[in-house]
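Only one structure is covered here, and it is reproduced in the block below.
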Amino acid sequence: MGLIEAVILAIIEGITEYIPVSSTGHMIIASSFLGIQSEDFVKLFTVCIQLGAILAVVVLYWKRFFRSLSFYYKLFVAFIPAVIIGLLFKDLIDAMLENVLVVAISLITGGVVLVFIDQLFNKGTIDSEDDTSYSSALVIGIFQTISMIPGVSRSAATIIGGMARGLTRKAAAEFSFFLAVPTMFAATSKSLFDYYQEGMSLSNEEWKLLGIGNLIAFIVSVIAIRFMIRILTKYGFKYFGYYRILAGAIIIVLYFSGVQLNIID
């Protein structure tokens, strides 16, 4: 993987991590057109550039992280289900991750849900994470585990979970952003640990690509988060749903056309 491919993947990560359209699905489409192979460093790269995306949340919402300890307790409660399910069903998750059609079907199914989600949960009254209960945080965390099915989208699952518990669209999206910080930091740390445990190391060029990738992911994520909040507040989720259905259809067409598709996320 060269510099241009790294930049493109970082842009995709920055855009899709916080918008409910599935970063995995878009990585598949990008890799098929760019000819990026599913190599060890490429897989590590797509996980580690999440650090840049995390930083975007911390920078944009830094004041929220100093409000109260209850904020962290709620994030911890929401984070726990992903740890438990991830450890218990790792092999099954890995097997699904290798199935391109699972990603496509998840994209389309999730898209249909998003088209109608505003009609199902349009009476949210909780507009701040401070007013979110611990039980609601747990439910959102359980919804997050659904995103372990490739193509579901972590942000989509957690936002739907929040709205199902009475959060407004904006509050559900912001709680999803906050929950991404411990979740993605844990995933990145584990990937780096496993990479070195297997006896591999990063060259100077690979460190450079990681640095550039994280910088770009950070910048793009800042823009994507602001875009997401504006669109969400004004139009709701239906346009994201239509887009997901289209992306899933593209993957299915590519798959049955015999195009080599690599899941690198």
Select from segment 158-172 the residues that are in contact with a Phe, Trp or Tyr (Cβ under 7 Å, 6 or more places away or on another chain) and under 17 Å from Thr109 (Cβ atoms) and list them in ascending order. Thr158, Ile160, Gly161, Ala164
Given the conditions (1) modelled with pLDDT under 90; (2) closer than 19 Å to Phe227 by Cβ; (3) surrounded by 24 or more Cβ atoms within 10 Å (Cβ to Cβ), and given that Lys170 satisfies all but one, which numbered condition is not satisfied? (3)
Do we have Ser155 as polar (S, T, N, Q) and over 18 Å from Gly111 (Cα atoms) here? no
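Results for (1) in contact (Cβ under 8 Å) with a residue 12 or more places away in the chain; (2) over 19 Å from Val21 (Cα atoms); (3) out of contact with any His (no Cβ under 7 Å at 6 or more places or on another chain); (4) of a type in the set (Phe, Trp, Tyr), shown as yes or no for each residue.
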{"position": "Val102", "(1), (2), (3), (4)": "yes, no, yes, no"}
{"position": "Gly110", "(1), (2), (3), (4)": "yes, no, yes, no"}
{"position": "Ala137", "(1), (2), (3), (4)": "yes, yes, yes, no"}
{"position": "Ser147", "(1), (2), (3), (4)": "no, no, yes, no"}
{"position": "Pro150", "(1), (2), (3), (4)": "yes, no, yes, no"}
{"position": "Ala173", "(1), (2), (3), (4)": "yes, no, yes, no"}
For segment 135-164, name all the residues that are more than 15 Å from the chain's Cα centre (by Cα) and not aliphatic (A, V, I, L, M). Ser135, Ser136, Gly162
Answer residue from segment 5-37, given it is buried (at least 24 other Cβ atoms within 10 Å of the Cβ) and among the charged types (D, E, K, R) and is nearest to Gly161 (Cα to Cα) among those: Glu17
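The values are calculated or read from the model by the stated rules, or taken from the named source; none is laboratory data. None of these values were measured; they are calculated from a predicted model. Positions of Cβ are backbone-derived with ideal geometry, glycine not excepted, and every protein chain shown enters the neighbour counts.
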